[in-house]
Amino acid sequence: MIEVTELTKVYGSTRAVSGLTFDVKPGQVTGFLGHNGAGKSTTMRMILGLHTPTSGKALINGVRKQDLRDPMREVGAMLDAAEVQGGRSAFAHLQALAYAGGIGRRRVVEVLEEVGLSGVARKRIAGFSQGMRQRLGIAAALLGDPGVLILDEPANGLDPDGIRWLRTMLRSLAAEGRTVLLSSHLMTEMSLTADRLIIIGQGRLIEDVSTADLLARFQSGVLVRSPHAAHLSRALEAAGATIRPAQDAEAGEEPVPGRPAGAGADARSVRDAGGEELLVAGLTAAVIGDIALANGCAVHELVSRRTSLEEAFMEITQ
């Protein structure tokens, strides 16, 4: 488990991290999100004891990283896959790390196989692609078979197969009861991988929430396509729905739930224009379908329109 309490880091006149508090619990993948300069890397480095906090504390399994009795077997990390000696082979690089941590040669062979680098284990790292270097960095993080894993942008440079492999592996490790903290700018992938999200901005905590709850909060309504849009919109408004032209919503304008029935200027504009697509807020797709049937309105499309993690992230970090 990772515990961050009132963590603050100041560099001269720059406050990189300010009073940050959150926990990263075992058994789930926790995504760590923020724009460039938000303080993610600084926070990770303080958790790993690479930077000293100005105030507050960051603990791994109840103690500071430097106080762990067997650090490589308790926590594995990858912050920058480029920080390797290019003249060494992948095997030699991992063997040196293993020797320093009291880990046997067999484990080096195992992790090379696990990350898909067995075939290039004896080749010099200087000739590796970015994706191969990422895999090597992940192998180094896994070397001690740790219970806590911290990865900064591990998917950079990976091809689609590599990204899927990484997602499957991280979720499998979490299912074993391990603690996984993952930073990434790949929002679509994060929505598929992370069970929980910690979002920061300007060094401060913005959200600590499950991925499902965050996406549900920003659900934008139900897209309805009907040749009887004018009649259907009146019936839906009477049932308490808010109606907007779908094209307006796609331009970034969200419906406002709770608008009184019949008072929607946007709904009137849809009826006047004879539009066929509506974005409906305040009613589920099932209820909309029942109302359409009761009013004799044909429906050609009925889809719950969910906001992507990228859209939700941009909204709450503005």
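The values are calculated or read from the model by the stated rules, or taken from the named source; none is laboratory data. Note that the structure is a prediction, hence the values are computed from the model and not measured. As a convention, Cβ positions derive from the backbone with ideal geometry for all residues, glycine included, and neighbour counts pool all protein chains shown.
Key figures
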read-out	value
Residue 260 vs. criteria assigned to a loop (DSSP other than H, G, I, E, B), touching a Leu at 6+ places or on another chain (Cβ under 7 Å) and at pLDDT below 80	no
Residue that is surrounded by the most Cβ atoms within 10 Å (Cβ to Cβ), among those in the stretch 104-134 that are assigned to a helix (DSSP H, G or I) and touching a strand residue (DSSP E or B) at 6+ places or on another chain (Cβ under 9 Å)	134
Any hit, the stretch 236-246, residues being among the basic types (Lys, Arg), surrounded by fewer than 20 Cβ atoms within 10 Å (Cβ to Cβ), in contact with a strand residue (DSSP E or B) (Cβ under 8 Å, 6 or more places away or on another chain) and not in a helix (DSSP H, G or I)	no
Qualifying position, being at pLDDT 95 or above and under 12 Å from the mean Cα position of the chain (by Cα), among 197, 215	197
The stretch 163-180, subset in contact with a strand residue (DSSP E or B) (Cβ under 8 Å, 6 or more places away or on another chain) and not aliphatic (A, V, I, L, M), residue surrounded by the most Cβ atoms within 10 Å (Cβ to Cβ)	179
Scan of the stretch 38-58 for residues that are within 14 Å of residue 1 (Cβ to Cβ) and surrounded by fewer than 17 Cβ atoms within 10 Å (Cβ to Cβ), ordered by number	57
Candidate set: the stretch 46-70, residues that are touching a residue at least 60 places away in the same chain (Cβ under 8 Å) and in contact with a helix residue (DSSP H, G or I) (Cβ under 9 Å, 6 or more places away or on another chain); chosen: the one farthest from residue 15 (Cα to Cα)	61
Any pair with Cβ under 6 angstrom, 6 or more apart, that starts in the stretch 13-27 at a residue that is over 13 Å from residue 2 (Cα atoms) and ends at one that is among the polar types (S, T, N, Q)	16/42; 17/8; 17/42; 17/43; 18/8; 19/8
Pairs, first assigned to a loop (DSSP other than H, G, I, E, B) in the stretch 155-174, second among the β-branched types (Val, Ile, Thr), C-beta under 7 Å, six or more apart	155/163
Residues satisfying the stated conditions in the stretch 14-45, i.e. in a strand (DSSP E or B) and closer than 24 Å to residue 212 by Cα	20, 21, 22, 23, 24, 28, 29, 30, 31, 32, 33
